[in-house]
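Notes follow the structure.
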Amino acid sequence: MAAMPPSPNKPPNYVTLCNDMVKQNGAGIIIAILHYPPFSSAIVGMWSMAQMLPSSANWVHYFGLLNLTFSDQANFACIADQSGFSGLLSNALRLPSSAWDVSARAKAFCSFANATVHV
């Protein structure tokens with residue numbers, strides 16, 4: 001089901017938007033990104049929303065809502081080409097590395113960010 005546009009009083013659900021832009025296998029592993037600009041925009045939106053939370057620990061928990069476990073890194077070069085995206089991921093990686101240990105999904109986001117920045 002596609003994400004509905006947000007009402008004027010509610011922010012968009014970036015987790016749903018991000019998930020709608022990828023194809024996952026039965027185990028929840030991302031095997032393809034369907035639309036690069038909206039996928040990147042959803043991550044940028046999540047970063048903006050995360051920065052409104054009171055601490056970087058909360059940011060990591062928020063990013064842990066995403067399931068960014070990829071089957072391979074074939075899409076990462078296309079992701080990195082999205083305007084300003086590598087800079088955003090670099091900023092996220094400035095958080096202490098121990099902060100990403102809160103969950104498997106937070107670690108997956110950190111791995112995704114690190115690999116994308118270094119493509």
Item to complete: Evaluate the range 44-58: report whether one residue or more is surrounded by 20 or more Cβ atoms within 10 Å (Cβ to Cβ), within 15 Å of the chain's Cα centre (by Cα) and of a type in the set (Phe, Trp, Tyr).
Response: no
Worksheet entry | Qualifying residues in the range 92-111 (those that are open to solvent by 60 Å² or more (accessible area, probe 1.4 Å) and assigned to a helix (DSSP H, G or I)) - the one farthest from ALA32 (Cα to Cα) | SER98
Worksheet item: Restricting attention to the range 69-90, which residues are surrounded by 12 or more Cβ atoms within 10 Å (Cβ to Cβ) and assigned to a helix (DSSP H, G or I)?
Response: PHE76, CYS78, ILE79, ALA80, PHE85, SER86, LEU88, LEU89, SER90
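Quick grid of which residues meet (1) of a type outside the set (D, E, K, R); (2) modelled with pLDDT of 90 or more; (3) touching a Leu at 6+ places or on another chain (Cβ under 6 Å):
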site: ALA2; (1), (2), (3): yes, no, no
site: ASP20; (1), (2), (3): no, yes, no
site: ILE31; (1), (2), (3): yes, yes, no
site: PHE39; (1), (2), (3): yes, yes, no
site: SER55; (1), (2), (3): yes, no, no
site: HIS61; (1), (2), (3): yes, no, no
site: GLN73; (1), (2), (3): yes, no, no
site: ALA92; (1), (2), (3): yes, no, no
site: SER97; (1), (2), (3): yes, no, no
Practice prompt. Tell me, please, whether a residue that is among the acidic types (Asp, Glu) and in contact (Cβ under 8 Å) with a residue 12 or more places away in the chain can be found in the range 86-102.
Written response: no
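The values are calculated or read from the model by the stated rules, or taken from the named source; none is laboratory data. All of these numbers come straight from a predicted model, not from anything done at the bench. Glycine gets a Cβ as well: all are built from the backbone with ideal geometry, and neighbour counts include every protein chain shown. With ligands, DNA and RNA removed, areas are computed over all heavy atoms of the protein, side chains included. Shrake-Rupley method; radii C 1.70, N 1.55, O 1.52, S 1.80 Å.
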